[in-house]
Structures are given as C-alpha cells and as structure tokens.
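The values are calculated or read from the model by the stated rules, or taken from the named source; none is laboratory data. Just so it is clear, the structure is predicted and the values come from calculations on it, not from any experiment. Note that each Cβ is placed from the backbone with ideal geometry, even for glycine, and that neighbours are counted across all protein chains shown. The area values use the complete protein model at the heavy-atom level, side chains included, leaving out ligands, DNA and RNA. Shrake-Rupley method; radii C 1.70, N 1.55, O 1.52, S 1.80 Å.
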Amino acid sequence: MYLYKIIRCTSNSALWATSFTAKCHTRFRKKPQHGSRYLTNPENVFEFNAWDNVKWDTCQEELAKCKVTENSSVFASQDDQEMYEGCANKYWDAFYGIHQNRFFKDRHWLFTEFPELAPDNKCVDAQKEQKSEQADEVLRSFAGEPTVEQDSKVLICENTEDEVKHCSEGLANMLERNTERKGTTILEIGCGVGNTVFPILRYNVNPHLFVFCCDFSSTAIQILQDNPEYNPKRCQAFVCDVTAEDWQPPFLPNSLDIAVMIFVLSAIHPDRMAHVVTQVYKYLRPGGLLVFRDYGRYDMAQLRFKKGHCLSDNFYVRGDGTRVYFFTQAEVKSLFEEAGFEEVQNLVDRRLQVNRGKLLTMYRVWIQAKYRKPF
C-alpha cells in the first residue's frame, strides 16, 4: 500500500508537470526576433516568466528618472574613479577568477537576433538546446528561484518583423557576394570566457570560418583557451586593451567581415568609447557589419544602484569594481555614425521579467543595433 501511494503520487506529479508544460507551450518553440508574448491584461502578469515589448507609461518613466537622479546625486571620489580606471583589468581578472565560466550562459539567442553570425545555422540542434534551457527556466521559476539573465534574448522594437528579416537577409547576402574568401572572419571584442564564441563555432557550419576574440582580462582568455571546445584552427583568442591607442591585433585593417560587441562597450569609460568604435571601423572591411547589444537607460540594474556608486552621468561601478554604462538609442547612433558607420538597425528591447515564486516584476531595457562600414 505504501509503495502504491508513492507510485500514485509520482504519477500525479508527472501529470501535473505535463499539464503545466502544455499550458506554457509557447516556451518550447523558437522565438521570433521581436517577441510574441504581450501583456494585454495586467492581472495576468504572473502567468508567464516574461513579457515582450512592455510599454512604459509616463508615471513609470518619471519614477525611473527620479531614481537615477537620486542614485547619481553623490559621485565617487576622484581618487576612486582613477583607481577603477587604472585597475580595470585587475577587477575583471578577479571576477573571472571567482566565477570561472559559470556566471554567464552560452548565448544561443544570438542566431535569432543576429542570423549573420551563422547563416547556415544548425537550427534543429540549437532549438533543442534552447528548449532544454527554457524548460529548466520554467521549473526554476515555479520553484521560486530567480531566472533573470543579464542578456535576455527577446528583441522588442518599432520595426516590423519583415523589416528586420529583410535587413538581416540583405546583409548576409551582401557579405557573401563581396568577399573573395570562401569563409567569414569574425572578431568578438570583450569575449570573456567564450559564451558568444563557442556557440558561433558550434552552429556556423562554414568550414572556412575563423573567429578572433579578445578580452581585457588575461584570466578570461586563459579560461577560454583551456575549454575543450577551443580549436586554434578555427579560433584565436588574445588579450587586448581596446581603449589603447594601438591594438596590434593578429589581423590587418580592412580584413574583418563581422565585429561583435555584446555587453562590452558599457564597461568602458565613456571618454574612450569613440576611440574603440573608430578602431573597430578601421579593421572591418568595406561592407563589413558590426553587431551590438548593451544596457539601455533606466534598465533595472541602473535603478538598483545606491548613492556613491555613480562615477559620471549614467556610468556606475559595481560592488566588485567592474563598471557599467547605460545607453540611449541616440547615444549609440551618434557613436557609430560619427565613426563613419551606416545604421542598419537601432532598437530598444524592453522586457518585463517575472519571478512568480516571489511575485516580483523586473523591467529590463537593452539597446540592440547593427551598423555597416560603407563600401
């Protein structure tokens, strides 16, 4: 009888899990580029873990402005600011020394947002991994565990899906037509421990693909090179301070097809951002593409900072000494166009993430963009 009760209880749990999964079936299919789940009734906010294209009303935006005004009313001292700038690599070395390759997840969403990175993507395998990740997220959320990721994968914008698709396909065709090489050469700036590099190597089936990747942290580069997936025949990782005047990279100017900047420009002092973008422009070939994603103004992370952590307007230092800037669309547009780039895409990604176990709502804001070097 006792064994029967255990079996019956287990069966009921399995049935409950099945019915719960069926209700949330939209989690287990590939997401369109700018999302598809919209919160039309505020009473349903805790029905799913996340909502796309969440519009802010005037009251919410004013409240966010007030929080930023408050947490930036006291700046860190000049001595502290110089210390954070001078020792930036040491703080990132310490970060990766502690977290190794466990902090960030591999960015499988890249191929939804930036299909140019793997035009012949092995989409079946990628979707299987994405489904597994999403299933785990459902269970974690129901158990009350946090599921917030720094770099979530849903794109929200004013552009239509057809326009986004048209831009992506056009750029992919252009890159293919205008290169004499059989393969594609990609550079990722701020590669960390490989959460972008390894998915690209995994899903880009072009046998002539070669990926360069660099980071400020020598610890991160060492961890990346120690990864069993690191293949020197397809990838070369190197340490580089991209704020330096001379990069001395292992490639020539006008040689790269694609440059990737994912959550990296925000970690650089605002005074050096223009120089970094200009350097990227120098090494991209005519017609080359830059893909960009980073923190947007009034993101939840910005609103959570306390007084004394602000270094300058919208530029903050975290508790571990690493720094972060929060962009507007206009700032991103200005940075890249002043360097000579042509804008292909510049989008605001607004997402409402939900912890249903703790009944918490978290508003995330990112800027996502693509810029092309003219022929």
Checklist line | Failed criterion for ARG350 (all others in (1) within 22 Å of GLU116 (Cα to Cα); (2) open to solvent by 10 Å² or more (accessible area, probe 1.4 Å); (3) of a type in the set (Lys, Arg) hold) | finding: (1)
Check: Restricting attention to segment 279-294, and to residues there that are out of contact with any helix residue (DSSP H, G or I) (no Cβ under 9 Å at 6 or more places or on another chain) and open to solvent by 30 Å² or more (accessible area, probe 1.4 Å), which single residue is nearest to THR184 (Cα to Cα)?
Finding: PRO286
Note to self: List the strands (runs of 3 or more DSSP E) inside segment 256-336, counting only whole elements, that have at least 3 residues being within 29 Å of PRO119 (Cα to Cα).
What the structure shows: 256-262, 284-295
Checklist line | Selection status of LEU360, modelled with pLDDT under 95, among the aliphatic types (A, V, I, L, M) and more than 17 Å from the chain's Cα centre (by Cα) | finding: yes
Check: Yes or no: PHE263 of a type in the set (Phe, Trp, Tyr) and surrounded by 17 or more Cβ atoms within 10 Å (Cβ to Cβ)?
Finding: yes
Next item on the list: Kindly list, by first and then second residue, each pair from a residue in segment 327-340 that is at positive phi to a residue that is buried (at least 17 other Cβ atoms within 10 Å of the Cβ), limited to pairs with Cβ atoms under 6 Å and residues at least 6 apart or on different chains.
Entry: GLY340/TYR281
Next item on the list: Those residues that are of a type outside the set (Phe, Trp, Tyr) and part of a strand (DSSP E or B), I need them from segment 222-255; list them, please.
Entry: CYS235, GLN236, ALA237, VAL239
Check: Does PRO249 satisfy the condition of being closer than 15 Å to VAL280 by Cβ, at pLDDT 95 or above and open to solvent by 10 Å² or more (accessible area, probe 1.4 Å)?
Finding: yes
Check: Do we have GLN368 as of a type outside the set (D, E, K, R), open to solvent by 50 Å² or more (accessible area, probe 1.4 Å), within 28 Å of ALA88 (Cβ to Cβ) and modelled with pLDDT of 95 or more here?
Finding: no
Notebook entry, point to check: Among the residues of segment 77-93, which ones are buried (at least 17 other Cβ atoms within 10 Å of the Cβ) and closer than 14 Å to ASP241 by Cβ?
Noted result: ALA88, TYR91, TRP92, ASP93
Note to self: For segment 63-89, give me the residue count where each residue is hydroxyl-bearing (Ser, Thr, Tyr) and over 12 Å from LEU311 (Cβ atoms).
What the structure shows: 2
Checklist line | Residues of segment 177-196 that turn out to be at pLDDT below 95 and of a type in the set (A, V, I, L, M), as a count | finding: 1
Next item on the list: Take the residues in segment 304-345 that are at pLDDT 95 or above and farther than 22 Å from ASP271 by Cβ, then tell me which one is least open to solvent (accessible area, probe 1.4 Å).
Entry: GLN345
